[in-house]
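> Sending over a structure as C-alpha cells; questions will come in a sec.
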C-alpha cells in the first residue's frame, strides 16, 4: 500500500514523500520505540527507497513520540535509507533534547510545528537542534513573524519548510511566505490539495508537476467560499491528530490513531 501510494505521488511530480509508521502518539509523552515499531519503520523506508530510488526524498515523520535515547535508536536504524528529515523526534517541551538527537543521528532533524515564538526557534537553532524548521503559521504569529523565524534559520544555516496542518487557508499563507524565503526547502501539500479543500478556496491553488504557482491576487490570493464552508460544519469531537490514552505496546503491533479524517 505504501509503495503504491508513493509511486502515484512521484508520478504526479512530488519530489518528497512524508509518512509516519513509528508507532503510537500517546498522552504519556516520550517513550522508547518498541522493536516492532523500529522494524516496521525500517522495512517501510527500505521498500520506499527501493521503489522510488532517487526520484524523491523520504520525509520520516513522528509526532514527538520518543525520548532522546529512543529517537536516537530509531534514527540510527533509518540512516541507510537517507531520509531528508527526521521530524519532531522528541516532544517540543525541552528544546535542548533536539540537539542531543541531532548530534547522534545522521539525518537532518526537522521540527517547529508546535512552537509559537521566534524566541523558541532561536533557542532551538543556537543549540544546534534542527537543520530544518517547520513553523505553523497559525501558531507562529502569521506571515511577518514567521518571516523573522525564517531569517533566524538562515543565519544558522537552517532551511524552512512551513508545516501544513490547518487546511487550505494556512496552505495559501505558507505559499506567500515561501516565495520570500531564500532558505526555503519545500512547501508541504496534502496530496494535490484535497477534493474538498481546493473548491473551498475556489481552486486558486494547485500542485502541478511538483510545483505550486503562487497566486497574484490580493491578500493570500485565494477566493474563499464561505457558503461551502458553512454547508459542511464540523460536528465531531476528534482532532486530525489524536493522542491515545493507552501506552506503547511492547508485545506486538501499535496502531497510529490519526483521529478525524482529512480530505
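The values are calculated or read from the model by the stated rules, or taken from the named source; none is laboratory data. Bear in mind the structure is a predicted one, so any value in this text is a computation, not a measurement. Virtual Cβ from ideal backbone geometry, glycine too; neighbours counted across all protein chains shown.
> From 78, 7, 74, 48, which residue is in contact with a helix residue (DSSP H, G or I) (Cβ under 7 Å, 6 or more places away or on another chain), over 22 Å from residue 98 (Cβ atoms) and buried (at least 19 other Cβ atoms within 10 Å of the Cβ)?
When all the criteria are applied, what remains is 48.
> Of all residues in region 42-83, how many are in contact with a strand residue (DSSP E or B) (Cβ under 9 Å, 6 or more places away or on another chain) and closer than 13 Å to residue 105 by Cβ?
13
> Can I ask one more? Which condition number in (1) at pLDDT 95 or above; (2) in contact with a helix residue (DSSP H, G or I) (Cβ under 8 Å, 6 or more places away or on another chain); (3) over 19 Å from residue 240 (Cα atoms) is the one that residue 161 fails?
Single failed check for residue 161: (2).
> Determine which single condition residue 120 fails, assuming it passes every other condition in (1) within 30 Å of residue 8 (Cβ to Cβ); (2) surrounded by fewer than 19 Cβ atoms within 10 Å (Cβ to Cβ).
(1)
> Right, next: Taking region 13-22 as the search range and keeping residues that are assigned to a loop (DSSP other than H, G, I, E, B) and farther than 22 Å from residue 104 by Cα, which one is farthest from the chain's Cα centre (by Cα)?
Result: 13.
> Would you confirm whether any residue within region 27-37 is surrounded by fewer than 17 Cβ atoms within 10 Å (Cβ to Cβ), under 20 Å from the mean Cα position of the chain (by Cα) and at positive phi?
Within region 27-37 (the criterion being surrounded by fewer than 17 Cβ atoms within 10 Å (Cβ to Cβ), under 20 Å from the mean Cα position of the chain (by Cα) and at positive phi), the answer is yes, since at least one residue qualifies.
> Could you say whether any residue in region 225-234 is assigned to a loop (DSSP other than H, G, I, E, B), more than 17 Å from the chain's Cα centre (by Cα) and surrounded by 14 or more Cβ atoms within 10 Å (Cβ to Cβ)?
Checked region 225-234: at least one residue is assigned to a loop (DSSP other than H, G, I, E, B), more than 17 Å from the chain's Cα centre (by Cα) and surrounded by 14 or more Cβ atoms within 10 Å (Cβ to Cβ).
> Still on this model: Could you tell me which of the residues 86, 60 is touching a residue at least 40 places away in the same chain (Cβ under 8 Å) and buried (at least 22 other Cβ atoms within 10 Å of the Cβ)?
60
> Can I ask one more? Scan region 168-203 residue by residue and report those that are surrounded by 19 or more Cβ atoms within 10 Å (Cβ to Cβ) and on the phi > 0 side of the Ramachandran plot.
Correct list: 193 only.
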